[in-house]
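J.: Once you've had a glance at the structure underneath, I'll fire off some questions.
Bear in mind that the values in this text are calculations on the coordinates, not laboratory data. Since this is a predicted model, take the numbers as computed values, not measurements. Cβ atoms come from the backbone with ideal geometry, glycine included; neighbour counts cover every protein chain shown.
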Ligand code: NAI
């Protein structure tokens, strides 16, 4: 099959969570460029609207936006109710939160929220996707983190357990539903310069959070490529996984980290 056909997503639809910013926004751009219609999901309605507007100005695909708090199961359920009969062919579970807090200071609401947004929402999103497309199959890409494999930054224990859960979920679903036509893979980003990472950096400098500044500097020095990554560099790998270029890739956990996990 020619490469332009392998990479084409014409006639398909993709749902991207966390589409209002960073990796999710970049992913929405690449999927639309490949011809996919889009369902954009985020909790931030204003930014979601802006992203939808700028995508519509560039690409000739159908785009719908949904303001959803993925940490609330009832909102996830309502989303799929709304999508009944037109469920996406491709699901990108990207939304995630990374708030630093000392392990000792983590209380129940904080842990519950991290797990609800970063892990449980992906569990429910995948369950809806698979149950609604049991006869047609589909492609799922989950976003984990290098922190899941190599805990590095201090104050992210809650985050690390949520992201290693994403890897477990990905591999289990890949094994269980491959024969039903599903491919389920995960990307493992690290050191990507997104608005949230930039904000963290600025805050750390302004508030003189020495731990975070020090970790950031050690992190950068260890990066084999010697630089941070761009959201689009993750989006391109998600695109490959979403297309027939990756038709025999299932249950893969793919670092997009400039080589950090090998350093
Ligand atoms: P970001 O903060 O720029 O974007 C995340 C988006 O998710 C935001 O638009 C936010 O509004 C949305 N979101 C947050 N909570 C939500 C909720 N409850 N319901 C719906 N939407 C919600 O983040 P970034 O940096 O683009 O990260 C994307 C994913 O990549 C996250 O899962 C993150 O953990 C992961 N990641 C990022 C790395 C990096 O270096 N930027 C490294 C490793 C993993």
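J.: What's the whole-number percent of alpha carbon pairs in segment 128-263 lying beyond 25 angstrom?
T.: That tail contains 33 percent of the Cα-Cα pairs.
J.: Here's another thing I want to ask about it. What number, in percent, do you get for the relative contact order of segment 112-263 if the mean sequence gap of Cα pairs under 8 Å and at least 6 apart is divided by its residue count?
T.: 28
J.: Give me the one-decimal Kirkwood hydrodynamic radius in Å for segment 1-144, with the sum taken over alpha-carbon pairs.
T.: Kirkwood hydrodynamic radius for segment 1-144: 15.8 Å.
J.: While we're looking at this one, here's another question. Could you list 230, 199 so that the one with the fewest beta carbons within 10 Å of its beta carbon is first and the one with the most is last?
T.: 199, 230
J.: Please express the Cα-Cα pair-distance distribution P(r) of segment 1-63 as a list of whole percents, one per 10 Å bin, running from 0 to the bin with the greatest distance.
T.: Spelled out per bin, shortest first, that is 25, 53, 18, 4, 0.
J.: In addition: I want to check the label-to-label distance for residue 245 and residue 203. Put each point 7 Å from Cα in the C-beta direction and report it in nm to one decimal.
T.: 3.4
J.: Same structure, new question: Quick check on the exposure proxy: order 143, 106 from fewest to most C-beta atoms within 10 angstrom.
T.: 106, 143
J.: Expressed as a rounded percentage, what relative contact order does segment 21-177 have, with Cα pairs under 8 Å and six or more residues apart?
T.: 21
J.: Looking at the chain from every direction and averaging, what is the projected area of its Cα convex hull in nm²?
T.: Values: hull surface 56.8 nm².
It is 14.2 nm².
J.: As an exercise, find the ratio Rg/Rh for segment 88-144 from alpha-carbon atoms, using the Kirkwood inverse-distance average for Rh.
T.: 1.12
J.: Something else about it: Give me 17, 215, 170 sorted ascending by neighbouring Cβ count inside 10 Å, so fewest comes first.
T.: Working: 17 29, 215 18, 170 26.
Listing 17, 215, 170 from fewest to most nearby Cβ atoms yields 215, 170, 17.
J.: Further, regarding this structure: log₁₀ I(q)/I(0) of segment 67-203 at q = 0.17 Å⁻¹, via Debye over equal Cα point scatterers, no solvent, to two decimals?
T.: -0.95
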